[in-house]
Amino acid sequence: MKVIVVGASGTIGQAVVKELAQRHDIIQASRHNVTHPVDITRPESIAALFEKVGPVDAVVAAVGDIHFGPLAEMTGEQFRLGLNSKLMGQVELVLQGQRFLNDGGSFTLTSGIAVDASIRNIVNASAVNRALEGFAVGSALELSRGQRINVVSPTVLTESMPTYGPYFVGFESVPAARVALAYARSVDGAGTGKIYRVW
Ligand SMILES: NC(=O)c1ccc[n+]([C@@H]2O[C@H](COP(=O)([O-])OP(=O)(O)OC[C@H]3O[C@@H](n4cnc5c(N)ncnc54)[C@H](OP(=O)(O)O)[C@@H]3O)[C@@H](O)[C@H]2O)c1
């Protein structure tokens, strides 16, 4: 299969590329990728990526910024970081990508444990992750030509503990390689409208 991985140079993205490259041709994309640059916050940038790459069998999104911080101090601008980047960036990949996705192809989006974690400072992530999962469940009913869509919801990654560890006290982290298997399950499997939780 020909698979686009958006966010390919990231902590999750690198592990997904390593896992999927064993079986598939991978097109790595991100803002700083020299061959396939894309900024998911700019719809015209996503359009340019799909025009350049052409038809694909799978689109994987392991990308998207969110705001971490207390509700009491949160501004609308901070909240919109998650909406504009993690939510609308991934939604836009599907809205535009459905025209470039081959019959039976798949979208795999990324949410996260935040919504179920019962910890502070992750309101933006909780809202965005639920929205992404709702988008996928709804879209699964409407995608045509056998196209599929799933979401991978990882807990905090072992590799990311230096950054996110203080927010996730008491949580067991998972290695990126294990999280990557859930993306493989989505790309290589038959499921649609599924949330693959790796907690
Ligand atoms: N790490 C964790 O513990 C964890 C746990 C649960 C969920 N998640 C979610 O998983 C996703 C990826 O997380 P990560 O930790 O792997 O991130 P990361 O290590 O920061 O990597 C982000 C990747 O996305 C690219 N990127 C960033 N902004 C972009 C943009 N606007 N347009 C296109 N590409 C962009 C980056 O490359 P460029 O700089 O070249 O653009 C990089 O390839 C996020 O949605 C995050 O919320 C992460």
For segment 2-198, size of Cβ-based charge dipole, Lys and Arg +1, Asp and Glu -1, in debye: 240
Mean separation of Cα contacts under 8 Å, 6 or more apart, over the residue count of segment 1-78: relative contact order %: 36
Dipole of segment 122-199, positive direction: furthest Cα of Asn124, Tyr164, Gly189, with charges on the beta-carbon: Gly189
Two-site FRET efficiency, Arg145 against Asp25, from Cβ-Cβ distance with R₀ of 22 Å, rounded to 0.05: 0.60
Sorted largest first, extent of segment 128-199 alpha carbons per principal axis (Å): 43, 24, 15
Range in the chain, longest, excluding exposed trypsin sites (Lys or Arg not before Pro) [loop by DSSP; at most 15 other beta-carbon atoms within 10 Å]: 32-98
Helix-only [θ]222 nm of the chain, DSSP H runs n ≥ 4, -39500 (n - 2.57) each, per residue, nearest 500: -11500 deg cm²/dmol
Rounded, prolate or oblate (a/c below 1.5 giving rounded, otherwise prolate when a/b exceeds b/c) for segment 1-98 by Cα gyration tensor: prolate
Fully extended contour minus Cα-Cα distance, from Val34 to Thr163, at 0.36 nm per residue: 43.8 nm
Those aspartates and glutamates that a straight Cα-Cα span of less than 15 Å connects to Lys194, excepting residues fewer than 8 apart in one chain: Glu133, Glu142
Candidate aspartates and glutamates - alpha carbon under 13 Å from Lys52, same-chain residues fewer than 8 apart omitted: Glu44
In degrees, nearest ten, helix 123-142 long axis to first principal axis of the chain (Cα): 30
Cut-off 15 Å between beta-carbons: net charge of the residues surrounding Phe50, Lys and Arg +1, Asp and Glu -1: -1
Relative compactness, the chain, computed as alpha-carbon Rg over 2.2 N^0.38 Å: 0.96
Footprinting exposure proxy for Leu141, Leu101 (fewest neighbouring C-beta atoms within 10 Å first): Leu141, Leu101
FRET efficiency estimate (nearest 0.05) - Cβ-Cβ, Arg120 to Arg197, R0 30 angstrom: 0.90
Whole-number percent relative contact order across segment 2-198, with pairs defined as alpha carbons under 8 Å at least 6 apart: 21
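The numbers here are math on the coordinates, done by the rules we state, and not lab data. Since this is a predicted model, take the numbers as computed values, not measurements. Counting neighbours? That spans all protein chains shown, and the Cβs are built from the backbone with ideal geometry, glycine included.
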